[in-house]
Amino acid sequence: MTPGLRYISTRGATAPTELSTALAAGLAPDGGLFVPQELPGLPLADFDEASTLAETAAVLLRPFFAGDRLAPELDAICREAYDFDAPLRRLDPSTQLLELFHGPTAAFKDYGARFLAACLRRLCDPADARPTTILVATSGDTGAAVGGAFDGLDGLHVVILYPDGRVSPRQAHQLGAFGANVRALRVAGSFDDCQALVKRALNDADLQHAILLSSANSISLGRWLPQMAYYVHAGLQHRGATGNLLDFVIPTGNLGNALAAIFARTIGAPLGEIALATNANDVLPQFFAGDDYAPRASIATLANAMDVGAPSNFERLRWLYPDPAALRAAFRATSIDDATIRATIRRTWNESGVAICPHTATAMAMREELRSVSSRDWAVVATAHPAKFETIVEPLIGTHVAPPPALAELLSRPSVARPVAADYDALCAELRAGS
Ligand SMILES: *Cc1c(COP(=O)(O)O)cnc(C)c1O
């Protein structure tokens, strides 16, 4: 039998845990984030036989599933989760767009959410009469991706908490448009309030006697690991075509997406430089510029899914790079303000005829800055479809952006979200009523 890879906590006080248990738990019991106990080697030669994104993902993730009861299901999980492409689109001789928005809810979070759903659905215990409820706080895109991934699955309920009035109109519509097993609650408060409510519920032993709770937030191992696949796929394609390593600029909030690229490169994937673009929430750029890490309350920007003042995956980055000087030397990070986001959406449309979302625009603006220091080929990571943010994008480019078919279909459904106060007892009452 293959020796299994175990998962430990960034805080070091959780016993080595098997993958399935770590996936179902979300957060490690000591409050830390799950990470692999050893860094598995990448079976580079095996990628020769993988051509699709799903096949690449299965080769990449095999060592991470070694010894787990989900291992025999990995190929099927990958076929289910990666059933839409992540194409590279050429914009100019040294810039490509890595389009991660071709999934059902038009943002990169579809990959992680669908992978996690494919795993949890197989881990569900049919003997337990209580359905599992996935509780998720969202600044807009996570909730939709999770709702879409679990929509209609038996025995799995989803409750989405989002800050009322602080997501785009289309994001709000999506959140309330799923089937009966997915409920949206619009919270009279901020994203930080939503996240605090979810954390408290996940740590509430009393509540969990009545309701089997699980999470799908951006620190979940089941979202982080599968996000490596599109970077490896793009890196291999680029190296195959040019012999060179592809560099990436990644729009960054909680650092989940960027950390997937960083981790893939650490275990040997052929990826070049990784640069982090944030919006005006500049905790990371300030750290990389030499300041202490100083999390603080987030401020609202045009790139709302990146409005994060305390990037939750920073703890994993520190685990990978325990020495702050080595960490600072390894990456660039830049903060992009709203005026530059607007100017970049307009410029990209005028120069390339391509509409980009406000999040993608932060990376595009950083790529522009990098022209003076790097002549290599950069991939700007496009994290959401511009039609999700049409109220921002359309006035800037002066034309209609058609929603992709899956998004259009969701927008044509009725949408329901119940209002709740940013109050723990109110949330508990909702949870107990609905399960
Ligand atoms: C969530 C999100 C981000 C930020 O990703 P992190 O993994 O939190 O860094 C960027 N862009 C879009 C469109 C998102 O939905």
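Summary of computed values
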{"quantity": "Selection status of SER374, open to solvent by less than 50 Å² (accessible area, probe 1.4 Å), modelled with pLDDT under 95 and more than 14 Å from the ligand (Cβ to nearest atom)", "calculated": "yes"}
{"quantity": "Members of segment 86-110 found to be away from the ligand (no atom under 16 Å from the Cβ) and touching a strand residue (DSSP E or B) at 6+ places or on another chain (Cβ under 8 Å), listed by number", "calculated": "PRO87, LEU88, ARG89, ARG90, LEU91, SER94, THR95, GLN96"}
{"quantity": "Close pairs from segment 10-39: first closer than 25 Å to PRO72 by Cα, partner surrounded by 14 or more Cβ atoms within 10 Å (Cβ to Cβ) and among the acidic types (Asp, Glu), Cβ under 8 Å, at least 6 apart", "calculated": "GLU18/ASP68; LEU19/ASP68; SER20/ASP68"}
{"quantity": "Filtered residues of segment 16-53 (kept if open to solvent by less than 70 Å² (accessible area, probe 1.4 Å), part of a loop (DSSP other than H, G, I, E, B), over 30 Å from LEU88 (Cα atoms) and at pLDDT 95 or above)", "calculated": "PRO16"}
{"quantity": "Segment 377-391, subset open to solvent by less than 40 Å² (accessible area, probe 1.4 Å) and assigned to a helix (DSSP H, G or I), residue farthest from the ligand (Cβ to nearest atom)", "calculated": "GLU390"}
{"quantity": "Test: residue in segment 349-357 that is within 15 Å of the ligand (Cβ to nearest atom), touching a residue at least 60 places away in the same chain (Cβ under 8 Å), open to solvent by 10 Å² or more (accessible area, probe 1.4 Å) and in contact with a Pro (Cβ under 9 Å, 6 or more places away or on another chain)", "calculated": "no"}
{"quantity": "Qualifying residue in segment 409-429 (condition: farther than 23 Å from LEU135 by Cβ, without any contact (Cβ under 8 Å) to a residue 40 or more places away in the chain and either part of a helix (DSSP H, G or I) or small (Gly, Ala, Ser) (or both))", "calculated": "yes"}
{"quantity": "LEU221 vs. criteria touching a strand residue (DSSP E or B) at 6+ places or on another chain (Cβ under 8 Å) and not polar (S, T, N, Q)", "calculated": "yes"}
{"quantity": "Candidates SER312, SER218, SER298, SER214 - the one that is assigned to a strand (DSSP E or B), out of contact with any Pro (no Cβ under 8 Å at 6 or more places or on another chain) and within 30 Å of LEU431 (Cβ to Cβ)", "calculated": "SER214"}
{"quantity": "Of all residues making up segment 125-143, the number that are within 16 Å of the ligand (Cβ to nearest atom) and in a strand (DSSP E or B)", "calculated": "2"}
{"quantity": "Residues satisfying the stated conditions in segment 274-292, i.e. under 12 Å from MET306 (Cβ atoms) and either part of a strand (DSSP E or B) or open to solvent by 30 Å² or more (accessible area, probe 1.4 Å) (or both)", "calculated": "LEU276, ALA277, THR278, ALA280, ASP282"}
{"quantity": "Qualifying residue in segment 419-433 (condition: under 20 Å from LEU97 (Cβ atoms) and open to solvent by 10 Å² or more (accessible area, probe 1.4 Å))", "calculated": "no"}
{"quantity": "Residue match in segment 395-413 (condition: open to solvent by 60 Å² or more (accessible area, probe 1.4 Å) and at positive phi)", "calculated": "yes"}
{"quantity": "Top-ranked residue of segment 245-273 - restricted to ones that are farther than 20 Å from ALA45 by Cβ, surrounded by fewer than 23 Cβ atoms within 10 Å (Cβ to Cβ) and modelled with pLDDT of 95 or more, ranked as farthest from the ligand (Cβ to nearest atom)", "calculated": "GLY272"}
{"quantity": "Hey, PHE115 aromatic (Phe, Trp, Tyr), under 24 Å from ASP141 (Cα atoms) and assigned to a loop (DSSP other than H, G, I, E, B) or not", "calculated": "no"}
{"quantity": "Qualifying positions in segment 144-168 - touching a strand residue (DSSP E or B) at 6+ places or on another chain (Cβ under 6 Å), in a loop (DSSP other than H, G, I, E, B) and β-branched (Val, Ile, Thr)", "calculated": "none"}
{"quantity": "Verdict on ASP68 being open to solvent by less than 20 Å² (accessible area, probe 1.4 Å), of a type outside the set (Val, Ile, Thr) and in contact (Cβ under 8 Å) with a residue 24 or more places away in the chain", "calculated": "yes"}
{"quantity": "Single unsatisfied condition, PHE389 versus (1) out of contact with any Cys (no Cβ under 6 Å at 6 or more places or on another chain); (2) under 30 Å from VAL159 (Cα atoms)", "calculated": "(1)"}
{"quantity": "Complete set of residues in segment 54-78 that are over 30 Å from PRO131 (Cβ atoms) and assigned to a loop (DSSP other than H, G, I, E, B)", "calculated": "ALA66"}
{"quantity": "Qualifying residues in segment 213-239 (those that are within 11 Å of the ligand (Cβ to nearest atom) and not small (Gly, Ala, Ser)) - the one most open to solvent (accessible area, probe 1.4 Å)", "calculated": "ASN217"}
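Every residue, every condition in (1) touching a residue at least 60 places away in the same chain (Cβ under 8 Å); (2) part of a helix (DSSP H, G or I); (3) within 16 Å of the ligand (Cβ to nearest atom), yes or no:
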position	(1), (2), (3)
TRP319	yes, yes, no
PRO322	no, no, no
ALA329	no, yes, no
ILE341	yes, yes, yes
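The values are calculated or read from the model by the stated rules, or taken from the named source; none is laboratory data. Not measured: the values here are computed from a predicted model. When we count neighbours, we look across all protein chains shown, and the Cβ atoms used for this are built from the backbone with ideal geometry, even at glycine. Please note that ligands, DNA and RNA were not included when accessible areas were found on the heavy atoms of the full protein model with its side chains. Shrake-Rupley method; radii C 1.70, N 1.55, O 1.52, S 1.80 Å.
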